[in-house]
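The values are calculated or read from the model by the stated rules, or taken from the named source; none is laboratory data. None of the values given here were measured: they were computed from a predicted structure. Cβ: placed from backbone, ideal geometry, glycine included. Neighbour counts: every protein chain shown. Please note that ligands, DNA and RNA were not included when accessible areas were found on the heavy atoms of the full protein model with its side chains. Shrake-Rupley method; radii C 1.70, N 1.55, O 1.52, S 1.80 Å.
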Amino acid sequence: MSVMQEDTQQEKPQFSASAMKQVDEIFSRYPDDRRASALMPVLHLAQSEFGGWLSRSALDYVAEVVGVAPIRCYEVATFYTMYNLKPVGKYHVQVCTNISCWLCDSDNVVKTLEDKVQVKMGSTTQDNRFTLSEVECLGACINAPMMQVNDDYFENLTADRVSEIIDRLP
Amino acid sequence: MSSKVQILFKNIHKEDSHTYKVARDGGGYKQAEKALTMSTEDVIDEVKRAGIRGRGGAGFPAGLKWSFIPKDNSRAKYLVCNADEGEPGTCKDRDIIRYAPHLLIEGMIIAAFAVGAERGYIYIRGEFVREAEILEQAIKEAKENGFLGEKINGSDVKFELAIHRGAGAYVCGEETGLLESLEGKKGQPRVKPPFPANIGLWGGPTVINNVETLAAVPSIIENGGEWYSKLGVEKSSGTKLFSISGHVNKPGNYEVELGIPMKTLIEEYAGGVKGGWENLKGVIPGGASSAILPKDVCETITMDYDAIAKAGSMLGSGAMIVLDNSVCIVKAIERLSRFYRHESCGQCTPCREGTGWLSQIMTRIEAGKGVEDDIDLLLSIGNNISGKTICALGDAAVGPVSGSIKAFRDEYIYHVEHGRCMVG
């Protein structure tokens with residue numbers, strides 16, 4: 001499938017010992033005979049362990065760990081938008097442009113970000129520092145406009161605040 | 001009618017309101033203790049008597065939903081909390097989770113006891129990473145204090161609760177799409193019947209309730225169903241959280257009794273429309289899927305299930321999106337149509353294809369390339385989606401389009417005749 005990308009590294013992805021402990025904790029949330037339910041949380045874990053995205057070999061590895069057929073894992077990974085199937089920058093900046101944010105001028109947030117890091121929405125900077133994405137409603141509508149940088153929300157944005165947030169990232 | 005009763009937000013202004021200690025000091029888990037001394041029938045009866053309707057959007061009576069769970073059945077039963085808050089405009093559950101997670105857990109303990117579920121899940125949208133962390137911590141604290149796990153509060157009742165994070169699919173807010181997702185699959189909704197009360201998670205009888213619904217349960221046990229039923233108005237009892245966003249001076253989540261006039265809610269709570277009430281164009285009253293109500297309707301309408309339904313829209317999740325006169329309706333609805341196209345799960349042809357067509361035609365009109373027949377074409381496509389799909393996402397995509405044509409047809413006509421917006 002063309003939507004999935006091969007890893008450029010030859011080494012097979014492998015969870016560290018501490019990640020494996022987290023996998024066991026994930027399994028414990030579901031009945032023993034319902035282990036397939038662990039697929040989504042293990043994919044989330046794999047994405048954070050393997051550099052912010054899931055290569056084809058990472059998906060195969062997750063399928064093996066969870067004990068489901070690879071196709072089941074591909075189906076899930078391609079259905080949900082939060083699983084990145086190609087590399088993303090160190091900071092994944094996701095801007096909500098849905099109605100409440102749009103009414104509060106999310107267009108300006110998009111423009112500020114694009115000017116600031118010099119790439120368009122949907123692209124990654126050459127130094128791999130930033131990926132910009134336009135996303136659907138993130139559920140912070142009363143504090144529009146907003147954006148998410150990796151796991152954190154930034155709300156009530158203005159052009160100045162967007163600039164400042166980007167500048168302050170380590 | 002007093003609009004000052006606070007049930008869900010009663011304690012959220014306290015410092016560290018998310019912690020077990022502050023929750024417990026404020027009376028937290030007292031109603032779980034009380035419920036566990038009642039019969040399960042009595043608990044369900046109180047919730048039925050309260051008349052509380054599902055706060056996620058569908059508005060189905062919660063007590064009735066609970067009573068559908070088969071009794072004397074050996075299959076494992078499950079309780080699932082729908083925290084997949086994704087309806088554009090809606091961000092109320094997030095505040096319950098952030099500031100009153102123990103209220104939600106207490107409501108879940110009571111619900112689980114009532115329906116006989118020994119295992120439960122909170123399905124939270126994947127982007128709420130920090131919110132999930134707060135919940136995780138609250139679950140840990142509840143467990144340490146004997147309110148989750150084996151022998152809750154010394155009784156024979158057992159309830160294990162875990163979090164399941166989504167991964168960015170709006171359709172998982174639909175309850176059977178959510179169950180599929182919880183089972184580790186694509187979140188494609190199931191054909192109903194069978195309903196989840198009979199065949200739900202892993203084939204077991206399952207109750208699925210919204211965060212806000214469950215968080216209201218402790219107050220019903222505390223004060224009785226009759227007390228709750230007297231809040232609000234007939235057939236829309238209780239308090240409701242309204243997320244008010246868009247062109248208002250004080251956007252926010254406000255807890256008020258159902259039946260409050262929309263104008264009061266906007267003017268007295270949300271600080272009024274930007275530029276004054278006269279600058280109002282319309283309000284989307286219950287999340288993006290609900291049809292927009294023009295200003296003249298907003299003047300007098302009350303915020304309850306029946307009044308909004310009578311006006312041709314729906315109370316939905318209670319997310320009010322306020323649009324002032326600067327907004328081009330065509331452009332606003334075009335944005336929403338793009339959303340539904342993106343979120344259609346693809347399994348039903350009318351929705352998969354239809355949402356794409358709606359979006360393309362809206363884009364064409366917005367770009368100034370539409371023709372007058374396009375307006376009726378949109379309605380015709382809508383007719384071919386509505387009621388012809390497995391879940392309500394198709395209808396949700398149609399609502400904003402057909403509703404806006406009904407209320408603002410002149411703007412659509414202007415757009416096709418002049419090739420540009422009527423405003424700006």
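Hey, can you find the accessible area per residue of segment B:241-324 for me, probe 1.4 Å, expressed in square angstrom? Working shown, then result.
Values: 2310 Å² over 84 residues.
With the other protein chains kept in place, segment B:241-324 gives 28 Å² per residue.
Is chain A best put as rounded, prolate or oblate by its Cα gyration tensor, with a ≥ b ≥ c the root eigenvalues, rounded for a/c under 1.5, and otherwise prolate when a/b is larger than b/c, oblate when not? Intermediate values should be presented prior to the final figure.
Values: a/c = 2.30, a/b = 1.81, b/c = 1.27.
Prolate.
Mean-square fluctuation check for chain A, GNM, Cα pairs under 10 Å: which of A:31, A:87, A:70 is largest?
A:31
Spin-label point model (7 Å from Cα, Cβ direction): what's the residue A:134 to residue B:235 distance in nm?
Those two pseudo-labels are separated by 4.1 nm.
Hey, for a label at residue B:326 modelled as a point 7 Å past Cα toward Cβ, could you say which residues of segment A:100-142 have their backbone N under 13 Å away?
Residues A:102-108 qualify, since their backbone N sits under 13 Å from the label point.
Pairs of lysines 8 or more apart, or on different chains, with alpha carbons under 15 Å: count those in segment B:241-324, would you?
Working: B:250/B:263; B:250/B:274; B:263/B:274; B:263/B:281; B:263/B:295; B:274/B:295; B:281/B:295.
Lysine pairs satisfying the spacing and distance rule in segment B:241-324 number 7.
For segment B:20-229, what is the percent of antiparallel DSSP beta bridges, rounded to the nearest 5?
Looking only at bridges with both residues in segment B:20-229, the antiparallel portion is about 10 percent.
Hey, which aspartates and glutamates would be in cross-link range of residue B:71, C-alpha to C-alpha under 19 Å, not counting anything within fewer than 8 residues on its own chain?
B:41, B:42, B:45, B:46, B:118, B:156
Gain in length, residue B:371 to residue B:42, computed as 0.36 nm per residue apart minus the alpha-carbon separation, to one decimal in nm?
Result: 112.4 nm gained on full extension.
Give a quick list of trypsin sites (Lys or Arg not before Pro) in segment B:79-145 that DSSP marks as loop, anything other than H, G, I, E or B, with at most 15 other Cβ atoms within 10 Å.
Within segment B:79-145, no trypsin sites (Lys or Arg not before Pro) qualify (loop, at most 15 other Cβ atoms within 10 Å).
Of all DSSP beta bridges in the protein assembly as shown, what percent run antiparallel (nearest 5)?
On the way: 25 of 52 bridges.
If we restrict to bridges inside the protein assembly as shown, about 50 percent are antiparallel.
With viscosity set to 1.306 mPa s and temperature to 10 °C, compute the Stokes-Einstein D of segment B:20-229, Rh being the Kirkwood radius across alpha carbon pairs; µm²/s, no decimals.
Translational D for this selection: 95 µm²/s.
Out of the GluC sites (Glu not before Pro) in segment B:164-232, which ones are loop residues according to DSSP with at most 14 other C-beta atoms within 10 Å?
Taking segment B:164-232 and a limit of 14 other Cβ atoms within 10 Å, no loop GluC sites (Glu not before Pro) are found.
Rounded if a/c is under 1.5, else prolate if a/b is larger than b/c, else oblate: which is segment B:239-304, with a ≥ b ≥ c the root eigenvalues of its Cα gyration tensor?
Because its axes are fairly even, with a/c under 1.5, segment B:239-304 counts as rounded.
How big is the B-A contact in terms of buried accessible area, both chains counted, 1.4 Å probe, rounded to the nearest 100 Å²?
Using a 1.4 Å probe, the pair buries roughly 4000 Å².
Using Cα springs under 10 Å in a Gaussian network model of chain B, which residue among B:146, B:107, B:232 shows the largest mean-square fluctuation?
B:146
Considering every Cα-Cα pair within the protein assembly as shown, what fraction, in whole percent, is farther apart than 37 Å? Walk me through the numbers before you get to the answer.
Numbers: 56178 of 176121 pairs.
Every Cα pair in the protein assembly as shown considered, those over 37 Å come to 32 percent.
Check each of the trypsin sites (Lys or Arg not before Pro) in segment A:9-97 and keep only those in coil by DSSP with at most 16 other C-beta atoms within 10 angstrom; list them in order.
Here the trypsin sites (Lys or Arg not before Pro) that fit, given the DSSP loop and packing criteria, are A:90.
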